[in-house]
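The values are calculated or read from the model by the stated rules, or taken from the named source; none is laboratory data. The structure displayed is predicted, hence computed values, not measured ones. A quick note on method: Cβ atoms are made from the backbone with ideal geometry, for glycine too, and the neighbour counts reach across all protein chains shown.
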Amino acid sequence: MGLVTTSNPSFSSLFDDFFNTELGDWRRQNYSSTDTTLPKVNIKENDDAFMVEMAAPGMKKGDFNIQLYNNVLTISSEKKEDNEDYNFRYSRREFAYRSFQRAFTLPESADGQKIGAAYEEGILTITIPKKEESKPQPPITISIN
């Protein structure tokens, strides 16, 4: 996909740049070191912010590490499984996310200094406000002299 250059980027071009950057760097920035499935994400946008929703049931808010460095938002977890049951031998064991990392390059319109996060009912939601100058502005009426 090519980069769309306009003076006023549309929602779809910002969304494509935001999301496709992650896909382009998938091998380097998105991994699960234990061969478990990566948590799935939804990325949404409104006039004021971007929202990244990550499905991560069974975790606690303290299990996540969220960092922003060089305009790259990284969400990771290294949850240790301490519930080993020595009375059974496993023929297959696939429970839980044990370790993962997802990374997203933020668009220019994002305000990285005001990012917030919440974890509720198995969903981690990260809210990334937009810079004031990138929010839609109402039309200005110009008077004729």
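Tell me which residues, restricted to the stretch 12-69, are within 30 Å of residue 138 (Cβ to Cβ), surrounded by fewer than 11 Cβ atoms within 10 Å (Cβ to Cβ) and either of a type in the set (A, V, I, L, M) or at pLDDT below 55 (or both).
The first filter runs over the stretch 12-69 and keeps only residues within 30 Å of residue 138 (Cβ to Cβ), leaving 12-19, 42-53.
If we keep only those that are surrounded by fewer than 11 Cβ atoms within 10 Å (Cβ to Cβ) too, we end up with 12, 46-47.
12 - this is the single residue of the stretch 12-69 that is within 30 Å of residue 138 (Cβ to Cβ), surrounded by fewer than 11 Cβ atoms within 10 Å (Cβ to Cβ) and either of a type in the set (A, V, I, L, M) or at pLDDT below 55 (or both).
Identify, please: which residue in the stretch 100-135 is in contact with a Ser or Thr (Cβ under 6 Å, 6 or more places away or on another chain), within 19 Å of residue 56 (Cα to Cα) and surrounded by 15 or more Cβ atoms within 10 Å (Cβ to Cβ) and is, among those, modelled with the highest pLDDT?
Ranking the candidates gives 103 first.
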